[in-house]
Amino acid sequence: MSLKFKFDAGQCTYNEGPIGPKRLREAMASHLNDNFSPFSPVTAKEVTFTAGVTGLNEMLAFNLTDEGEAFLLGRPIYGCFYDDLKTKSRYEDTICYLEH
């Protein structure tokens with residue numbers, strides 16, 4: 001791996017914005033294209049990295065729901081999702097109890 005990859009500590013900062021460095025997004029797009037052969041090639045513009053699932057779910061709730069709409073969240077669940085996700089989006093959460 002070290003022969004192909006040069007790591008710079010600056011790549012772990014927000015210098016290029018909150019969605020991840022361009023080089024990382026390009027590498028992930030390449031990985032997705034090479035390993036999953038999508039119908040349309042994935043580009044770096046379509047790849048976003050977050051600091052965790054809460055950040056990802058918050059982005060989805062904010063961008064995909066209108067006030068009063070709901071997300072189905074499967075259990076077990078991190079208890080603070082409720083407050084974390086409602087802060088910006090004003091969505092309603094609905095918990096799904098999934099049977100095995």
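The values are calculated or read from the model by the stated rules, or taken from the named source; none is laboratory data. These numbers come from a predicted model, not from an experiment. Backbone-built Cβ (ideal geometry, glycine too); neighbour counts: all protein chains shown.
I'd like the full set of residues that are more than 16 Å from the chain's Cα centre (by Cα) and closer than 15 Å to F49 by Cβ, limited to region 28-38.
If the condition is that a residue be more than 16 Å from the chain's Cα centre (by Cα) and closer than 15 Å to F49 by Cβ, then S30, H31 are the ones that fit.
Name every residue in region 14-45 that is over 19 Å from L56 (Cα atoms) and aromatic (F, W, Y), in order of residue number.
Within region 14-45, F36, F39 meet the criteria.
Please determine, by comparing only the residues of region 63-89 that are of a type in the set (D, E) and surrounded by 11 or more Cβ atoms within 10 Å (Cβ to Cβ), which one is modelled with the highest pLDDT.
E69
For region 36-58, enumerate the residues that are part of a loop (DSSP other than H, G, I, E, B), surrounded by fewer than 13 Cβ atoms within 10 Å (Cβ to Cβ) and among the aromatic types (F, W, Y).
Residue satisfying the conditions is F39 alone.
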